[in-house]
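Take a look at the structure set out below.
The values are calculated or read from the model by the stated rules, or taken from the named source; none is laboratory data. The structure presented is a predicted model; accordingly, all values stated were derived computationally and were not measured. No Cβ is skipped: glycine too gets one built from the backbone with ideal geometry, and neighbour counts run over all protein chains shown. These accessible areas exclude ligands, DNA and RNA; they are computed on the full protein's heavy atoms, side chains included. Shrake-Rupley method; radii C 1.70, N 1.55, O 1.52, S 1.80 Å.
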Amino acid sequence: MADEIHTTREPDGTTHTTTVVDRDPKRGGGAGITLLVVAALAIAAFLGFQFLGNEKAETGAVTEAAEKVGHAAQDVGDAAQEAVK
């Protein structure tokens, strides 16, 4: 950081002083953006895993229902065989 002081003296004896202050640009905005990106990724991951969990549950329920239908069809077939005997 460098400060410059300029003094101008007028012919009538008055002076005028100008101070120039050189400051580094503010930083820290990147940290806020990074935090927002990390939060968005965490939310997306959470929602993605929720969706995958629901997909697995749905697949399991369909598989279980198909197995029950298969067993019921087998029972009907067995009953038909017994009726014919």
How much of the accessible area of the chain, in percent, comes from carbon and sulfur atoms when a 1.4 Å probe is used?
62
Per residue value of the accessible surface for the chain (all protein chains in place, 1.4 Å probe), Å²
91
Label assignment, Rg/Rh (Cα atoms, Kirkwood Rh) derived from the structure, set (i) 1.03; (ii) 0.97; (iii) 1.86
(iii)
Quickly estimate the mean residue ellipticity at 222 nm for the chain, helices only: each DSSP H run with n ≥ 4 gives -39500 (n - 2.57), and the total goes over all residues, rounded to 500.
-25000 deg cm²/dmol
With Cα atoms, 0 to 90° folded angle of helix 29-84 axis to the chain main axis
0
Contour minus Cα-Cα distance for Thr7 and Ala83 (0.36 nm per residue):
15.6 nm
Under a plain spin-label model, where a point goes 7 Å from the Cα along Cα-to-Cβ, how far apart in nm are Ala65 and Leu36?
4.4
Expressed in square angstrom to the nearest 10, the accessible area of Val21 with a 1.4 Å probe stands at 70
